[in-house]
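As structure tokens, the structure follows; a few thoughts come after it.
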Amino acid sequence: MKITKGKRFSGGTHIPDRKELTADIPIEIMPSPDIVAISLSQHIGKPSVPVVNAGDMVSVGQLIAAEGGFVGANVYSSVSGKVAAIEERYNPNGTKSNYIVIENDKNDWSAQPLPEMEDKTAGSILQRIRLAGIVGMGGAGFPAAVKLMPKQAVDCLIINGAECEPYLTCDYRLMKEKTDEIHTGIMLLAKALKVNKVYIGIERNKPDCIKAFSEYDDITVVDLKKRYPMGSEKHLIYSCTGRKVGLGKLPADAGAVVQNVATAYAVYEAVELNKPLYERVMTVSGKGIIHPKNLLVRNGTPLDMIITYCGGMRDDSAMMIAGGPMMGPTMLSSNLYTTKTTSGLLVTTSDEVDMSGPTPCINCGRCAEACPMRLQPMLIDFYAQANDFEKAAKYGGVKNCINCGTCAYVCPAKRSIVQSIMLSKKKLAEGGK
Ligand code: SF4
Ligand code: SF4
């Protein structure tokens, strides 16, 4: 039994976790939807390239789009049926991508699974992870195989079981219900990365998971203090190992690779069950949802169907968010679809969110004190409002922002700091600065 206490990083804040709505609800398999719309851009990297056409019949687990480059990901059908269209549709963050729309015939015809693996060497595991279309399922969606091939020498794998976003319990339920499978996936990841040192960081609001993983001798469980944003890669690495990832540096520069528990589970399924990634567990929560749940959903499931399956929305529902409330985008419509990275769907009521508008900054400094990247969020906000994005970068440090939302959460003036950050990043990217 190896349990160590995590180190405390500077900055961050305590946020009520509100996980009680779904923490004790087992994962339920959602019935397959009448139609799915599967995004070709559900990962960081080049969009996937369709290998089917409108009118084609497809099966569950059939390759429908191939990776568009080295940093890309294969995409598999989550239902059997007919490809109705390949067309542009909206993503939860308001941008648009191409989607493969499939009418589900509800026969659940299964494609041949991925071929049986002859051996489980580091190379063949990597190849399998890539073939199965596995991406980081904690939210970022970076192709997992690419992350497992860092240019720098690394000596440890860190598994992210923090799940620090309020409301979300999908990782918690997975760790609780699929402990052995996740452990197998973790050891496969370690083998692919060729490291012996393996940590799993779990926030201490999940003591049963800390205990369950401490039964394995080949992993060190890190008992993490509950502090947002513990699940951020840089802060998790520091908390687990004491290593600092410098500004502008990658986890691999500190000798570490981080993968999420759901990713480890997908690796288990791909290697041991020959199953590509076409479904995942997500949390549907918030007081605005009649029956909050943890659901196993097929990739491309319409969000409005998920809401209906969970009993619908309360009359006083106020806001819909894709993912967790700290980092997830607010959605104007539920006419959207799940992806490999959809960890949650929140419907809040007006008493759960502060709907009052921003007031002038009072220079209290709380945002800077809480910023885990030691940035100056009030300056980012000030200069972004003045359309001076170079100064937002120079004095606020916006390029190093991890979009955690802590600054906005602690701001007593309810400044729209996150919007200022997003705008600054967009403008700086457009200007190439
Ligand atoms: S400035 Fe960025 S990194 Fe700092 S608290 Fe705000 S969102 Fe988080
Ligand atoms: S927390 Fe809000 S009010 Fe205080 S300095 Fe930052 S932006 Fe201004």
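Just so it is clear, none of the values below were taken in a lab; they were calculated from the coordinates. Everything numeric here is computed off the predicted structure, so don't read it as measured data. All Cβ positions, even for glycine, are placed from backbone atoms using ideal geometry, and neighbour counts span all protein chains on display.
Before moving on, here are some points about what is shown:
- For the pair ALA66 and ASN274, the difference between a 0.36 nm per residue extended length and the Cα-Cα distance amounts to 73.1 nm.
- Residues of segment 1-33 with amide N under 18 Å of a point placed 7 Å along Cα→Cβ from LYS225: 4-17
- Cα pair distances exceeding 17 angstrom across segment 366-431, given as percent: 27
- The magnitude of the dipole of segment 366-431, with charges of +1 and -1 set on the Cβ of Lys/Arg and Asp/Glu and taken from the Cα centre, is near 60 debye.
- For peptides 186-195, 323-332, 134-143, 99-108, sequence by mean Cβ density within 10 Å, most packed first: 134-143, 186-195, 323-332, 99-108
- Violating pairs (Cα-Cα greater than 28 angstrom) within the set LYS275/LYS425; LYS225/LYS391; LYS120/LYS147; LYS226/LYS293; LYS46/LYS82: LYS275/LYS425; LYS225/LYS391
- Each residue, LEU296 and ASN196, gets one label point 7 Å from its Cα in the Cβ direction; the gap between the two is 3.6 nm.
- Measuring against 26 Å, Cα to Cα, the residue pairs LYS5/LYS394; LYS2/LYS249; LYS96/LYS427 contain LYS5/LYS394; LYS2/LYS249 as the ones spanning a longer distance.
- Computed over the alpha carbons of the chain, Rg followed by Dmax gives 21.1, 64 Å.
- FRET efficiency estimate (nearest 0.05) - Cβ-Cβ, ARG374 to ASP217, R0 30 angstrom: 0.20
- Computed from backbone phi, the HN-Hα couplings of segment 22-34 come to 10, 4, 9, 9, x, 5, 10, 7, 6, x, 6, x, 5 Hz, rounded to whole numbers (Karplus: 6.51 cos²θ - 1.76 cosθ + 1.60, θ = phi - 60°; Gly and Pro given as x).
- Mean ellipticity per residue at 222 nm, deg cm²/dmol - from DSSP H runs of n ≥ 4 across the chain, formula -39500 (n - 2.57): -7000 deg cm²/dmol
- Sorted on the mean count of surrounding Cβ atoms within 10 Å across their residues, most packed first, peptides 301-313, 261-273 read 261-273, 301-313.
- Selection from VAL135, SER77, LEU250 lying farthest towards where the dipole of the chain points positive, charges on Cβ: LEU250
- Counting only Cβ charges, +1 for Lys and Arg and -1 for Asp and Glu, the dipole size of segment 76-117 around its Cα centre is about 160 debye.
- Think of the chain as a dipole: +1 on every Lys or Arg Cβ, -1 on every Asp or Glu Cβ, centred on the Cα centre; then among PRO377, GLY231, ILE29, PRO377 lies furthest on the positive end.
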